[in-house]
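The values are calculated or read from the model by the stated rules, or taken from the named source; none is laboratory data. Predicted, not measured: the structure shown is a model, and the values here were computed from it. Cβ coordinates were reconstructed from backbone atoms using ideal geometry, including for glycine residues, and neighbour counts include every protein chain displayed. Just the protein is used for accessible areas: all its heavy atoms, side chains included, with ligands, DNA and RNA removed. Shrake-Rupley method; radii C 1.70, N 1.55, O 1.52, S 1.80 Å.
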Amino acid sequence: MPTLLLRQGGAALRMLLVATVVLGLVYPLAVWGVARLPGLHGPAEGSVVTAADGTPAGSSLIGIDPVPADPAADPYFHTRPSASAQGVLGPGDPSTSGGSNQGGFSGTLLGQVEQRRAAIAAREGVAPGAVPADAVTASGSGVDPHISPAYADLQVARVARVTGLPEAQVRELVAATTDGRVLGFLGEPGVDVTRLNLAIARARATAGG
Amino acid sequence: MSSTTAGLVQLGVLLLLLAAVYVPFGNYLAAVYADGRHWRVERALYRLVRVDPDSEQRWTGYAAALLAFSFLSVVLLYLLQRLQGRLPLSLDRGPVEAGIAFNTAISFVTNTDWQSYVPETVMGHLVQMAGLTVQNFVSAAVGMAVAVALVRGFARASTDRIGNFWVDLVRGTTRVLLPISFVAAIVLVALGVPMSLHAGVAVTGVDGHSSTIALAPAASQEAIKELGTNGGGIFNANSAHPFENPTALTNLIEIFLLLVIPVCLTRTFGVMVRDRRQGHVLLAVMGVLWGSLVAVAWWAETHPNGPATRAAGAALEGKEVRFGIPSSVLFAVSTTGTSTGAVNSMHDSYTGLGGGVGLLNILLGEVAPGGVGAGLYGILVLAVIAVFLAGLMVGRTPEYLGKKLGRTEVTFAAISILAMPTLVLLGAAAALAQPGELDTALANTGAHGLSEVLYAYASTANNNGSAFAGLTVTSPFFQTSLGLAMLFGRFVPILAVLALAGSLAAQKRAEPGAGTLPTHGVLFGVLVWGTVVLVAALTFFPALALGPIAEALA
């Protein structure tokens, strides 16, 4: 066996070097090259969405919980809690990703769920029982851009009150940024919080100016 | 449409897609490995690396080539990581720490893709592409090569040759993995997966806070990560990350990619042994296992268990809103039933029973439907054991596909099967014997903590790579022991399987007699299924009872 191994060693080394060039450089750079085409370039560089003034304001695929300047006058829709956040609710750190990995019997998780439920109920002025499950659980990625339609619904009244926008208009913007099931049957419907908050900001700018 | 209905439609569509490609793709794979001609580009490649593509090898030569290639792969991947600081496109991420580099090198070469690091902060783009992506391809091609070599052992008679490793390695890559990955990568980009050489993009949110969103050349790696049942994420959250898996459509595509080769290889097997029914039986066994585990996990995840999950109202901790429960469960069972180990939701946060299904699926030996190649050779070895057991019952020397299963063959099959449980139980026991290690490593205590440790060794010894990620595995003890579990869990069965292939190929073909057990009907399917379940149950029931079963019943 040792002689066999040695005899194959040279071929193995040469094969590995060729594979490294072809599969490790040519292949990814070819995909990268195709991804420069119009239509692919946007998603290839992270599906960046811009604010009204054209500056990058986030990615439509990445949820980063906005922090209100004054918690008593909070004009934002909020994402789900993130395991990479310092506090129980957010904001998460989008330079990394991951879940909490806490199981259903974890006392830590139970405490977090209860704190989140209480904090959200107080923020929205609703009964704790009205807070949906996705609002009190951290996502797998820590940067889930979506919330359930129920959690968006819960936040409409507050956002309308603080921003001064009519509730009907806020509901329309929620509907416009809701991603339904793909092809009607894949996955679950979700409201894209990043796009929704940008739409709210635009509507405020229009209403105000 | 209710969530359940939508989930069932999705399940139906996935099965239809697999059914549609089963015959043509399975036939194509058989043709790839039987083709007498070489493509011009392949011929040039063989000249460049100086191998003779037209001379076949004995099992020993085949194994030596495979081991030499894999050993050098580990060395190169280790060096790439250690020298990262001096390489271009490393994004100022310095040399990877020695323990992580050792563990990761073994992990990707063995098709495990267990990750003990946070990719966004540790691995630069060059190591991702020239190191990890390369092993995503070739480790998958190695798995397919071993499966094809074993099938040749059954298909051939009175020869000491089982094929040419270099030809099998090259063809698996040039004719199967590379073209499909290229197309899939472009489709994934179109659906939102980044393909960027930038480290990240700076954004200023509506609240005026600035942050950096990490970017990576993700699409090219995502495609082969699923197609080659590798599973190593380019982002820490793996396929739960919106950049790796942006929509429920990419989710379905990724599930399809990770199932397609293992499923279709059963057809390839049937074609190569000139009896397609033989492949159908194995596919049926895989399908029954996969289907029943999907059903159990789906039920478990829609029935919250544990005080924290009940307080939340639904088992959504660690799951993404765009997938919901059915799409998460479908991914989880498919990734643990193949050797993929990618995750679109955090298995550690599943209910006791739901997470237990993932663990059990791995402990069954990953044959539902198994990794690329590894699934087929895994279930063929179990079929050999099943035939042997049936032979014991009636007291005659058993035959499978015209080959007598004597002492030599059964010994190699037994070595191949027993390697994994030995590693899992010894590894987990060694970890549990060190309270000092566990104090710092476990995120959960009690029954769930035991599941975390058991899952780690099951996942590595089976080259799966998914994790109950609450377990912190950065200590030297875990890095080393899990690294060794991956190494032996991969190469001990491969060597045993190649030896089995050699011994089968050397035999004359035995004509079936009156006492020969037919191996293409329902009876044989039940026998194989029973063998899979019994081997796992007898070995792992005590450990499972103390972990996931205790949790599910609590």
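Give me Rg/Rg_expected for segment A:91-209, where Rg uses Cα atoms only and Rg_expected = 2.2 N^0.38 Å with N residues.
Details: Rg = 15.7 Å, N = 119, 2.2 N^0.38 = 13.5 Å.
In units of the globular-protein estimate, segment A:91-209 measures up at 1.16.
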Worksheet item: Counting pairs of Cα atoms in segment A:82-158, how many percent are more than 16 Å apart?
Response: 50 percent
Worksheet item: Counting only residues 5 or more places away or on other chains, whose amide H sits under 5 Å from the amide H of A:Ile62 once H atoms are built in the peptide plane?
Response: none
Practice prompt. Report the local net charge at A:Leu61: Lys and Arg +1, Asp and Glu -1, summed over other residues whose C-beta lies under 13 Å from its C-beta.
Written response: -4
Discussion item. If you count only protein heavy atoms with a 1.4 Å probe, what accessible area per residue comes out for segment B:1-134, rounded to a whole Å²?
Written reply: 43 Å²
Worksheet item: In nanometres, what is the gap between the two model label sites at B:Arg277 and B:Val118, each 7 Å from Cα along Cα-to-Cβ?
Response: 5.7 nm
Worksheet entry | Relative contact order, percent, chain B [alpha-carbon distance under 8 Å, six or more residues apart] | 19 percent
Worksheet item: What whole number of Å gives the distance from the Cα centroid of segment B:443-495 to the Cα centroid of segment B:321-359?
Response: 17 Å
Fill in: Order of exposure, largest accessible area first, which applies to B:Ser3, B:Ser349, B:Ser210 with probe 1.4 Å
B:Ser210, B:Ser3, B:Ser349
Item to complete: Rounded to whole Hz and in sequence order, give me ³J(HN,Hα) for segment B:533-549 from the Karplus expression 6.51 cos²θ - 1.76 cosθ + 1.60, θ = phi - 60°, writing x for Gly and Pro.
Response: 5, 5, 4, 5, 5, 5, 7, 10, 3, x, 5, 5, 4, 7, x, x, 5
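Could you work out the relative contact order of segment B:419-554, using alpha carbon pairs under 8 angstrom and six or more residues apart, expressed as a whole percent? Working shown, then result.
Working: 106 pairs, mean separation 40.3, N = 136.
Here the relative contact order equals 30 percent.
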Worksheet item: Over the protein assembly as shown, with a single point scatterer placed on each C-alpha, what log10 of the ratio I(q)/I(0) does the Debye formula yield at q = 0.05, 0.09 1/Å?
Response: -0.24, -0.78
Practice prompt. Quick one: which residues, 5+ away or cross-chain, put their amide H under 5 Å from the amide H of B:Lys404? H built at 1.01 Å from N.
Written response: B:Ala510
Worksheet entry | Degrees between helix B:476-506 axis and first principal axis of chain B (Cα, 0 to 90, nearest 10) | 20 degrees
Item to complete: Please give the per residue accessible area of segment A:1-45, computed with a probe of 1.4 Å over protein heavy atoms only, in Å².
Response: 49 Å²
Worksheet entry | Computed accessible area, B:Ser90, all protein chains, 1.4 angstrom probe, square angstrom | 10 Å²
Item to complete: Have a look at B:Leu418, B:Gly358, B:Ala68 and report the one farthest towards the positive end of the charge dipole of chain B, computed about the Cα centre with Cβ charges (Lys/Arg +1, Asp/Glu -1).
Response: B:Ala68
Response to the item:
CD proxy, 222 nm, the protein assembly as shown: helix-only mean residue ellipticity via -39,500 (n - 2.57) per DSSP H run with n ≥ 4, per residue, nearest 500, stands at -19000 deg cm²/dmol
Item to complete: Have a look at segment B:345-482 and give its Rg and Dmax from the Cα atoms, expressed in angstrom.
Response: 17.9, 54
Discussion item. Along each principal axis of its Cα atoms, how long is chain B end to end? Whole angstroms, biggest number first, please.
Written reply: 78, 58, 51
Discussion item. At a threshold of 8 angstrom on Cα-Cα distance, excluding pairs fewer than six apart, so keeping six or more, what relative contact order does chain A reach in percent?
Written reply: 19 percent
Worksheet item: For segment B:285-297, in order, what is each residue's ³J(HN,Hα) by Karplus, 6.51 cos²θ - 1.76 cosθ + 1.60 with θ = phi - 60°, in whole Hz (x at glycine and Pro)?
Response: 4, 4, x, 5, 4, 4, x, 5, 6, 4, 4, 5, 5
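Carbon and sulfur: what percent of chain B's accessible surface (1.4 Å probe)?
On the way: 12070 of 17580 Å².
On chain B, the fraction of accessible area on carbon and sulfur atoms equals 69 percent.
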Worksheet item: Amide H to amide H, which residues 5 or more places from A:Gly140 or on other chains are under 5 Å from it, using H placed in the peptide plane?
Response: B:Gly318, B:Lys319, B:Glu320
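Interface size between chain B and chain A, please: total buried accessible area, 1.4 Å probe, rounded to the nearest 100 Å².
Details: alone 21350 and 12360 Å², together 25920 Å².
Interface between B and A: roughly 7800 Å².
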Worksheet item: For A:Val67 and B:Ser2, what does the FRET efficiency come to when R0 = 51 Å and r is the distance between their Cβ atoms, rounded to the nearest 0.05?
Response: 0.90
Practice prompt. Give the Cα extents of segment A:1-58 along the principal axes, in whole Å, largest first.
Written response: 69, 20, 11
Worksheet item: Reachable lysines from B:Lys404, Cα under 20 Å, same-chain residues fewer than 8 places away excluded?
Response: B:Lys508
Practice prompt. Calculate, for B:Thr440 and A:Ala118, the FRET efficiency according to 1/(1 + (r/R0)^6) with r their C-beta to C-beta distance and R0 51 Å; round to the nearest 0.05.
Written response: 0.95
Worksheet item: What net charge do the residues around B:Ala240 carry, taking every other residue with its C-beta under 11 Å from that of B:Ala240, with Lys and Arg at +1 and Asp and Glu at -1?
Response: -1
